[in-house]
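Report on the following structure.
The values are calculated or read from the model by the stated rules, or taken from the named source; none is laboratory data. Since the structure is predicted, the reported quantities are computational estimates derived from the model, not experimental observations. Cβ sites come from the backbone with ideal geometry, for glycine too, and all protein chains shown count toward neighbours. Heads up: the accessible areas ignore ligands, DNA and RNA and are worked out on the full protein's heavy atoms, side chains in. Shrake-Rupley method; radii C 1.70, N 1.55, O 1.52, S 1.80 Å.
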Amino acid sequence: MNWVTWQNVGVDRIGCAWLIRRFIDPKARFSFIEKDSQELPKGAQPFDIPGVRFSHHDGHCSFHALLREYKLGNAVLQRIARIIDEADTMQAVSIEPAAAGLDLICEGIRLNSPSDDVALERGAIVCDALYARLALDMQSE
């Protein structure tokens, strides 16, 4: 499937793309439209664009919307969702120490990548590493 989101990916879009490829649609392709564009490519599944199904809802990031829709209850993914939430949305209380660092890393990836596709590839490495580390934590609990 072709998934579409806005250009200049950030922490939530990088996380969503990783989640989509790793747990939902391994053959996913991604395309990018200008911010605030109302024209979506025909047949594409939009995400992290206001007003679409896979976007921010009830104070949670788009990553959460994908978890709910695809019934991904994995505890590690739920923790990553909380981290992305805190990194991407305004939170009254900071409880995820990794959130600020993940946001900075994803911003740096975007700034150092020649395209959004490359940023998603590089971001996937970070998400894989975060998943592995959090899974290790949960095994020892």
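Scanning the stretch 67-116 for residues that are under 16 Å from residue 133 (Cβ atoms) and among the aromatic types (Phe, Trp, Tyr) returns no hits.
One residue stands out among those in the stretch 1-17 that are under 14 Å from residue 124 (Cα atoms) and open to solvent by 10 Å² or more (accessible area, probe 1.4 Å): the one that is nearest to the chain's Cα centre (by Cα), which is 13.
Condition check ((1) under 17 Å from residue 128 (Cβ atoms); (2) of a type outside the set (A, V, I, L, M, F, W, C)) across all residues:
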{"residue": "1", "(1), (2)": "no, no"}
{"residue": "10", "(1), (2)": "no, yes"}
{"residue": "14", "(1), (2)": "yes, no"}
{"residue": "22", "(1), (2)": "yes, yes"}
{"residue": "37", "(1), (2)": "no, yes"}
{"residue": "43", "(1), (2)": "no, yes"}
{"residue": "47", "(1), (2)": "no, no"}
{"residue": "54", "(1), (2)": "no, no"}
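Within the stretch 57-94, the set of residues being within 10 Å of the chain's Cα centre (by Cα) and among the β-branched types (Val, Ile, Thr) comprises 80, 84.
Need pairs with beta-carbon distance below 8 Å; first residue open to solvent by 50 Å² or more (accessible area, probe 1.4 Å) and within the stretch 119-141, second of a type in the set (Phe, Trp, Tyr); sequence gap 6+ or separate chains. From the stretch 119-141, the pairs are 128/18. Is it true that some residue in the stretch 79-87 is over 18 Å from residue 20 (Cα atoms) and in contact with a Leu (Cβ under 6 Å, 6 or more places away or on another chain)? Checked the stretch 79-87: at least one residue is over 18 Å from residue 20 (Cα atoms) and in contact with a Leu (Cβ under 6 Å, 6 or more places away or on another chain). If you go through the stretch 40-54 one residue at a time, do you hit one that is without any contact (Cβ under 8 Å) to a residue 40 or more places away in the chain, open to solvent by 40 Å² or more (accessible area, probe 1.4 Å), hydrophobic (A, V, I, L, M, F, W, C) and touching a Pro at 6+ places or on another chain (Cβ under 8 Å)? Yes, because at least one residue in the stretch 40-54 is without any contact (Cβ under 8 Å) to a residue 40 or more places away in the chain, open to solvent by 40 Å² or more (accessible area, probe 1.4 Å), hydrophobic (A, V, I, L, M, F, W, C) and touching a Pro at 6+ places or on another chain (Cβ under 8 Å).
Among the numbered conditions (1) out of contact with any strand residue (DSSP E or B) (no Cβ under 8 Å at 6 or more places or on another chain); (2) assigned to a helix (DSSP H, G or I); (3) open to solvent by 40 Å² or more (accessible area, probe 1.4 Å), the only one that residue 114 does not meet is (2).
Of all residues in the stretch 55-86, those satisfying the criterion of being open to solvent by less than 20 Å² (accessible area, probe 1.4 Å) and out of contact with any His (no Cβ under 7 Å at 6 or more places or on another chain) are 55, 61, 63, 66, 67, 76, 77, 80, 83, 84. Residues that are within 21 Å of residue 125 (Cα to Cα), part of a strand (DSSP E or B) and either of a type outside the set (A, V, I, L, M, F, W, C) or within 12 Å of the chain's Cα centre (by Cα) (or both) within the stretch 18-51 comprise 29, 31, 47, listed in sequence order. Quick one: in the stretch 89-111, which of the residues that are among the acidic types (Asp, Glu) and open to solvent by less than 70 Å² (accessible area, probe 1.4 Å) is farthest from residue 14 (Cα to Cα)? Per the stated criteria, the residue is 96.
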